[in-house]
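Student: If you scroll down you'll find the structure; I have some questions about it.
No value in this document is a laboratory result; all are computed from the given coordinates. Keep in mind the model is a prediction, meaning the values are calculated, not measured. No Cβ is skipped: glycine too gets one built from the backbone with ideal geometry, and neighbour counts run over all protein chains shown.
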Amino acid sequence: MNFYRLLKSCFFLLLCGISTFVVGQEDSPPTLKKQHYFIAGINLSPTNKSQDLAFSPLTYKGRGIGGSVGYLLTSEKFEFLIDGGFDFGILYTHLSGVTDAGGNIFYYVPVHTHALWKVNPVFSSKENVHFKVGAAIDFTGNYRGNFSYTNSSLNFEYVSGFGLATQFAWDVSLPSSGKFLRKKDRDFTFLWNFSLPLMGTYIRPSYNTISNFTTGANFISGEGKNNFAFIGDLVQVSSRLEFYYHLHNKNALRFNYVWRYYGVNEGSSGTSKGASHRLGIAFMFNLTGK
């Protein structure tokens, strides 16, 4: 199936799901009490970029689609989130001024989890603005296959880290005006989450081998080992901009943009780095009950 045709089909199914999801809203506004949500949605990855200088000077770029699932526990003073996803798509590289995109794929697995507590010393006078700090764990799995070249046609990185996390949140409530689209109260939440791991582990290939000794083609990376590193030799950054639209049946819709970066420096062994941009829309099913 054509990649873009598949993308259109996913968004059509999503729109059908939204129309079903919002049916039967009740006039019970969201509350600041403890809420549990199951999250499920789809993602569009307009840019995914990676490079491993230990095996190839090429920069791999691609775009893809995927899905995400997660769990959110939130209250006025505490939040716990675990959010993971899976993307797949098409890669291309630039070599000698020629763009090649034949038979190249990538799989991308990001996972983020955090626990945050409200501190609010700056915004204590504003009930609808919240500042939380805590800890986060981030994981990035990146697998790519570039079968058009005989140089490191298969490669991967697995990077995880533990460190600091912050969140700014702003709750907005629009009272009903009786007009179109404003016949009921509308409640929104804007959030910015930022995490910076201070230490972590990574797995990279430890060798390349030739899978076809007759032609000398198809270098395949393999047998990576787990390594531990502190920030500097291992860098991860995650920034999440999110928008929640709270429905009157206590469910919600989530729209988000996530930027992630990782970098591994092994000195003479070469560096590995990558970045991704993801746009997502997800259903947030309230598990708390009435």
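Student: If each residue of separation counts as 0.36 nm, what is the full-extension length gain between Ile90 and Tyr257 once their alpha-carbon separation is subtracted?
Tutor: Numbers: separation 167, 0.36 × 167 = 60.12 nm, distance 2.03 nm.
Going from the current span to full extension adds 58.1 nm.
Student: Additional query: Could you give the length gained on full extension between Glu266 and Lys77, defined as 0.36 nm per residue of separation minus the Cα-Cα distance, in nm? It would help to have the intermediate numbers written out before the result.
Tutor: Values: separation 189, 0.36 × 189 = 68.04 nm, distance 4.05 nm.
Taking 0.36 nm per residue and subtracting the Cα distance, the gain is 64.0 nm.
Student: Further question on the same structure: Using the beta-carbon distance between Met199 and Asn249 and R0 = 41 Å, what value does 1/(1 + (r/R0)^6) give for FRET efficiency, to the nearest 0.05?
Tutor: 0.45
Student: Applying 1/(1 + (r/R0)^6) with R0 = 41 Å to the Cβ-Cβ distance of Ala135 and Ile105, what FRET efficiency is obtained, to the nearest 0.05?
Tutor: The formula returns an efficiency of 0.75 here.
Student: So between Leu164 and Phe38, what do we pick up on full extension, going 0.36 nm a residue minus the alpha carbon distance?
Tutor: Using 0.36 nm per residue and subtracting the Cα-Cα distance, I get 42.9 nm.
Student: Could you check the simple spin-label distance between Val119 and Ser173, using points 7 Å along Cα→Cβ, in nm with one decimal?
Tutor: If labels sit at Val119 and Ser173, their model points lie 2.8 nm apart.
Student: Calculate, for Tyr143 and Thr288, the FRET efficiency according to 1/(1 + (r/R0)^6) with r their C-beta to C-beta distance and R0 35 Å; round to the nearest 0.05.
Tutor: So, using R0 = 35 Å, E works out to roughly 0.40.
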